[in-house]
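Read the structure below first, then the notes.
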């Protein structure tokens, strides 16, 4: 498998709902191996952008590719290399956790059951519990296990840690970098979050969105060095209020 | 070897690692031949991006402060530490200049600022590190 320079590419994505612009000429370049923090207020367009990138929402115009494959026509191989967690976990409430894991595993050739079990243990998620009985935080954990158990090359996560407590968030940040040590290229991650201090630990790049536009994007170390500010302070300076 | 990483500091994490290695080597607390934690273990411990640790180690290697040893990972290189107190004070100066500026902006008196610095030094000696580890 050749290693692409960009794991995610988007050019001029536009989308409007009822006359309001949800995405306004959004262009992105995410190098392979980057960990990108997507930040912005509610309604800034983060979730819409992630949905467009994975092909769940079609833009009015513009083009995007994941791992070299057009978002609108993701093939089976590319889908097998992706992990995506939406803001509201789409789970099957009538199954037990272990049954859910087994069910999703059938769709992924690279799925490893032992990895899924280890992830549950790491996140303290009880596999015998019924999905409908899980707390919001535990549902989020299950969605993460399902997105990580096939060791994806590209992870897109929409507010993955919003309902987790600080220790679980820390554990989750560690999991982002775990996987098959023999992989040919490091995993690429694009994640949105309001919890900027958590992002600061792990991001190599940040993308700041406002009103459907990309306000700022770049390498975080360089941005921080030229600004001398934390991500929270930079965000407040750009947006006038905290994330 | 313990690192103290503060994600919300104004200083990038890779630079925090670089500066801490420099200071410990300069003061002679970390000596030539001592092994640094592996990239993976340091990243895991602080839940940070392994590439950040790699970047810090590579910079220190380029500076000659660290050496890559086969089968061991990174070790402190065999260079003479600048052990003279004046050199070590020079390394501390930028942090104190920044603190002095903030003290002035906050309208604090020199006595209050010095008392606070003294307290910080005492906390440090007692082991109350301002570290984020659980």
Taking each residue in A:184-197, count the Cβ atoms of any other chain within 10 Å of its Cβ, then average. What number comes out? 1
Length-normalised contact order for chain A - Cα pairs under 8 Å, 6+ apart - percent: 26
In peptide A:199-206, how many Cβ atoms from other protein chains are near each Cβ within 10 Å, on average? 4
So if I average 1/r over every pair of distinct C-alpha atoms in the protein assembly as shown and take the inverse, what Kirkwood radius in Å does that give? 22.8
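Rounded to the nearest 500, what is chain A's calculated 222 nm mean residue ellipticity when only DSSP H runs of at least 4 contribute -39500 (n - 2.57) each, over all residues?
-9000 deg cm²/dmol
Starting from the Cα gyration tensor of region A:70-175, take the square roots of the eigenvalues, sort them a ≥ b ≥ c, and report rounded, prolate or oblate (rounded when a/c is under 1.5, otherwise prolate if a/b is larger than b/c, else oblate). Don't skip to the answer; put the middle values down first.
Working: a/c = 1.57, a/b = 1.32, b/c = 1.19.
Prolate, because a/c is 1.5 or more and a/b exceeds b/c.
When you look at the Cβ of every residue in B:48-55, what mean number of other chain Cβ atoms sits within 10 Å? Present the calculation step by step, with values, prior to reporting the outcome.
Values: counts 7, 12, 4, 7, 7, 0, 0, 2.
Mean shielding count: 5.
Calculated from DSSP H runs of 4 or more alone, at -39500 (n - 2.57) each and per residue, what is the 222 nm mean residue ellipticity of chain B, nearest 500?
On the way: 5 runs with 74 residues, N = 134.
It lands at -18000 deg cm²/dmol.
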Separation of alpha-carbon centers, region B:1-64 and region A:26-56, rounded to whole Å: 31
Mind telling me which of A:37, A:212, A:19 comes out most flexible in a GNM of chain A, alpha-carbon contacts under 10 Å? A:19
Semi-axes of the equivalent ellipsoid of chain B: what are they in whole Å, largest first, if each equals the square root of 5 times a C-alpha gyration tensor eigenvalue? 29, 18, 13
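Output the peptides A:115-123, B:2-10, A:79-87 sorted from most to least packed, where packing is the average of other Cβ atoms within 10 Å over each peptide's residues. Can you show the working numbers first?
Details: A:115-123: 17.8, B:2-10: 15.6, A:79-87: 19.6.
Output ranking for A:115-123, B:2-10, A:79-87: A:79-87, A:115-123, B:2-10.
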Sort A:49, B:91, A:191, A:223 so the one with the fewest other Cβ atoms within 10 Å of its own Cβ comes first. B:91, A:223, A:191, A:49
Which translational diffusion coefficient, to the nearest whole µm²/s, is obtained for region B:13-76 from the Stokes-Einstein equation, given a Kirkwood hydrodynamic radius over C-alpha pairs, 4 °C and 1.567 mPa s? 111
Taking the number of other C-beta atoms within 10 Å as the exposure measure, put A:41, A:63 in order starting with the fewest. A:63, A:41
Once you order the gyration tensor axes a ≥ b ≥ c over the Cα atoms, which shape class does region B:85-126 get: rounded for a/c under 1.5, otherwise prolate or oblate by comparing a/b with b/c? oblate
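Would you mind ranking A:201, B:15, B:23 so that the residue whose beta carbon has the fewest other beta carbons within 10 Å leads the list? Could the numbers behind the result be given before it?
Numbers: A:201 23, B:15 18, B:23 15.
The order, fewest Cβ neighbours first, is B:23, B:15, A:201.
Over region B:13-76, what is the relative contact order in whole percent, taking alpha-carbon pairs under 8 Å and six or more residues apart? Present the calculation step by step, with values, prior to reporting the outcome.
On the way: 61 pairs, mean separation 26.4, N = 64.
For region B:13-76, the relative contact order is 41 percent.
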If you average 1/r across every pair of different Cα atoms in region A:1-142 and take the reciprocal, what Kirkwood value do you get, in Å? 17.1
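Could you please tell me the mean projected area of the C-alpha convex hull for region A:119-243, averaged over all directions and given in square nanometres to one decimal?
Numbers: hull surface 36.6 nm².
Projected area, direction-averaged: 9.1 nm².
Here, each number is a calculation from the coordinates, and none is a lab measurement. Bear in mind the structure is a predicted one, so any value in this text is a computation, not a measurement. A quick note on method: Cβ atoms are made from the backbone with ideal geometry, for glycine too, and the neighbour counts reach across all protein chains shown.
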